[in-house]
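Colleague: I am attaching a structure below and will ask some questions about it afterwards.
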Amino acid sequence: MLHVSTRRRIDRCRPCPRPRRPPCARYRAQVRGEVKQAALRQLAESGPAGLSISAIGKQLGVSGPALYRYFASRDELLAELVIDAYNDLADALSAAAAQQAGRDPRARFEALARGYRSWALAQPHRYRLLFGPPLPGYDAHAQRLVDASQAGPVTCGCRPATAQSSRCASLTERTWSSTAAIRRS
């Protein structure tokens, strides 16, 4: 009699493409993402000073205190939003610089300036969060935020301490100082 086993042999198992997170970790990440999206909507409507954990809870159909399981405080939520905004800005600048790879420093810098301006105009609430006036009582100089603001710097691609990098730095200073500030449309 032939016996067919329904169990897979270990040597035939395919490795998972990525390790699976337990359901509770996936749920936690999902809720944190939903909270951040609701907070971004609030930022767009009323600015950083109008951010309210209780209002976010109402939008999501839970109590405000329930959200403190996911973010210890309003300031922690703001810090996460700031870090996400810095990361998105860095991605936008990197993409703009990549489009001009191999071109002269002026063209690369102009692409960076256009990318910066485009990002700021597309997401004015996030731009104000990063570069607007400070919020009373909010520590914008926390080490996490400083690290996020300096992560992934975008450069013109010149090697340091060369004549080309000196010209590039001079060009950067002149061009940056001559650009107009981003204004509301």
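Colleague: Just report the Cα centroid separation between the range 81-142 and the range 19-67, whole Å.
Modeller: Centre-to-centre (Cα) distance: 24 Å.
Colleague: Find out how many positive minus negative residues lie around A142, taking Lys and Arg as positive, Asp and Glu as negative, among other residues whose Cβ is under 12 Å from that of A142. Numbers along the way, then the final one.
Modeller: On the way: positive: R144; negative: D75, E76, E80, D139, D147.
Taking every Cβ under 12 Å from that of A142, the sum is -4.
Colleague: No solvent, one uniform scatterer per C-alpha: report log10 I(q)/I(0) for the range 21-71 via the Debye equation at q = 0.14, 0.19 1/Å, two decimals.
Modeller: Per q value, in the given order, log10 I(q)/I(0) is -0.35, -0.60.
Colleague: Just want to confirm a number: the relative contact order over the range 21-71, from Cα pairs under 8 angstrom separated by 6+ residues, in percent. Please report the intermediate quantities before stating the final value.
Modeller: Working: 30 pairs, mean separation 16.1, N = 51.
Averaging sequence separation for qualifying contacts and normalising by length gives 32 percent for the range 21-71.
Colleague: Please arrange V146, V82 by how many other C-beta atoms lie within 10 Å of their C-beta, fewest to most.
Modeller: Values: V146 11, V82 21.
Exposure proxy ranking, most exposed first: V146, V82.
Colleague: What shape does the range 46-102 have by the C-alpha gyration tensor, where a ≥ b ≥ c are the square roots of the eigenvalues, rounded means a/c under 1.5, and otherwise prolate means a/b greater than b/c and oblate the rest? Mind showing how you got there, number by number?
Modeller: Numbers: a/c = 3.41, a/b = 3.17, b/c = 1.08.
Prolate.
Colleague: What's the exposure ranking of F71, F131, going from fewest to most Cβ atoms within 10 Å? Don't jump to the answer; show the numbers that get you there.
Modeller: Numbers: F71 20, F131 11.
Exposure proxy ranking, most exposed first: F131, F71.
Colleague: Between A101 and A142, with labels modelled 7 Å along Cα→Cβ, what's the label distance in nm to one decimal, could you check?
Modeller: 3.5 nm
Only the coordinates and a few stated rules stand behind these numbers; no lab work does. A quick note: this is a predicted structure, and the numbers were derived from the prediction, not measured. Positions of Cβ are backbone-derived with ideal geometry, glycine not excepted, and every protein chain shown enters the neighbour counts.
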